[in-house]
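Take a look at the structure below.
All of the numbers you see were taken from the coordinates with simple rules; none came from a lab. None of these values were measured; they are calculated from a predicted model. Cβ coordinates were reconstructed from backbone atoms using ideal geometry, including for glycine residues, and neighbour counts include every protein chain displayed.
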């Protein structure tokens, strides 16, 4: 298949990623706010996020393994259908316990979607376009994260959460229709290399990459599971919280657009700057008392995470054998799940026992831990040029 055809399929894939991430991502961001209507504590929010993310972790590994063995487009379509169904299940959750259980299923849907979407992007892309393709993949889902929370907040405020969940399901169904009509049958991505020739030890060289991501994912888990609920406790409305998250994710999207520049600048420098921005953001969040004092630090968070996410993903993708592409992406997303499990679980307990400010002070240190790991990850290849 020629490069022009592959790029055309990729453009449609990005559209489906945008729709699905809008539904899944918006739901994930606004669930802590919704849980506050059930009287959730910080520990409850942490538990809810942790359960969703432990499921996410397990499924990323299973999904990556599966993608290396079966036809990927069919799996991608099936995973997307499942995501639409999960949105409907939130309509019948009548108490906090049921909400937490369905949050676990959302972790399953999110894991299968993100692993398959990133794997398809890397595999369909022409080799010479991998960095640019992964940048556009990241841009596609962050656009969903940017538009979704604000629109979701408005819908929830004006029409209620039931309509919000129905709308989330509807936009994912749009993605399903596009996959069936515009991607399925246009390309077939089956396993083409004998699995016996693919050894997991080949991913050992990526260990430091995964370790570098871990502290970042713990901060990310707090950002998604605790901070929206904290803003609700402070007294911000759902629509205002959605707007702040939209601004944050918009900043992340702008950073994603510049992934090639960051990669050319050097992976090490990008990781170093990301760590500094994350640390500054957590310090400023600890001082937050109103919309503006939360919006400013979350812009800094958006810059840091907007650099960190695509730079490390690019580093991993370029060093992964094609025969283990799905598995490597599964482990990559699994690391996100591990950090986003421990982050909210531990963070929620700290916020309840001590204070949210104590939690954010600890996260400053966690953010800075990224620097030595990033140095070790890149020094053999890039530090000589720093």
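The packing ranking, built from the mean of other Cβ atoms within 10 Å per residue, places the peptides 300-306, 66-72 in the order 300-306, 66-72, highest first.
Above 29 angstrom, tally the Cα pairs of the chain and express them as a % of all pairs, no decimals.
Numbers: 27537 of 74305 pairs.
Value for the chain: 37 percent of Cα pairs lie more than 29 Å apart.
The listed peptides 254-266, 47-59, ordered by packing as a protection proxy, come out as 47-59, 254-266 (highest mean of other Cβ atoms within 10 Å first). Here's the picture: a label point sits 7 Å out from the Cα of residue 4 along the beta-carbon direction, and within region 97-140 the residues with their amide nitrogen under 16 Å of it are 126. In the chain, Cα pairs under 8 Å separated by at least six residues give a relative contact order of 30 percent. The spacing between region 125-170 and region 308-326, judged by their C-alpha centroids, is 23 Å.
Sort 242-251, 84-93 for me by packing, meaning the mean count of neighbouring Cβ atoms within 10 Å per residue, highest on top.
On the way: 242-251: 23.0, 84-93: 17.6.
Going from most to least packed, we get 242-251, 84-93.
Using just its DSSP H runs of length 4 or more, each adding -39500 (n - 2.57), the chain gives a mean residue ellipticity at 222 nm of -27500 deg cm²/dmol after division by all residues.
Calculate, for residue 92 and residue 353, the FRET efficiency according to 1/(1 + (r/R0)^6) with r their C-beta to C-beta distance and R0 41 Å; round to the nearest 0.05. Present the calculation step by step, with values, prior to reporting the outcome.
Numbers: r = 33 Å, r/R0 = 0.81.
Efficiency for this residue pair is about 0.80.
Using a/c under 1.5 as the rounded threshold, could you call region 77-135 rounded, prolate or oblate? The axes a ≥ b ≥ c are square roots of the C-alpha gyration tensor eigenvalues, and prolate needs a/b larger than b/c, oblate otherwise. Taking the square roots of the gyration eigenvalues as a ≥ b ≥ c, region 77-135 is prolate.
Using only the Cα atoms of region 13-79, build the gyration tensor, take square roots of its eigenvalues as a ≥ b ≥ c, and label the shape rounded, prolate or oblate: rounded if a/c is under 1.5, else prolate if a/b is larger than b/c, else oblate. Judged from the Cα gyration tensor, region 13-79 comes out oblate (a/c at least 1.5, b/c at or above a/b). The calculated FRET efficiency for the pair residue 180 and residue 369, based on their C-beta separation and a Förster distance of 51 Å, comes to about 0.70.
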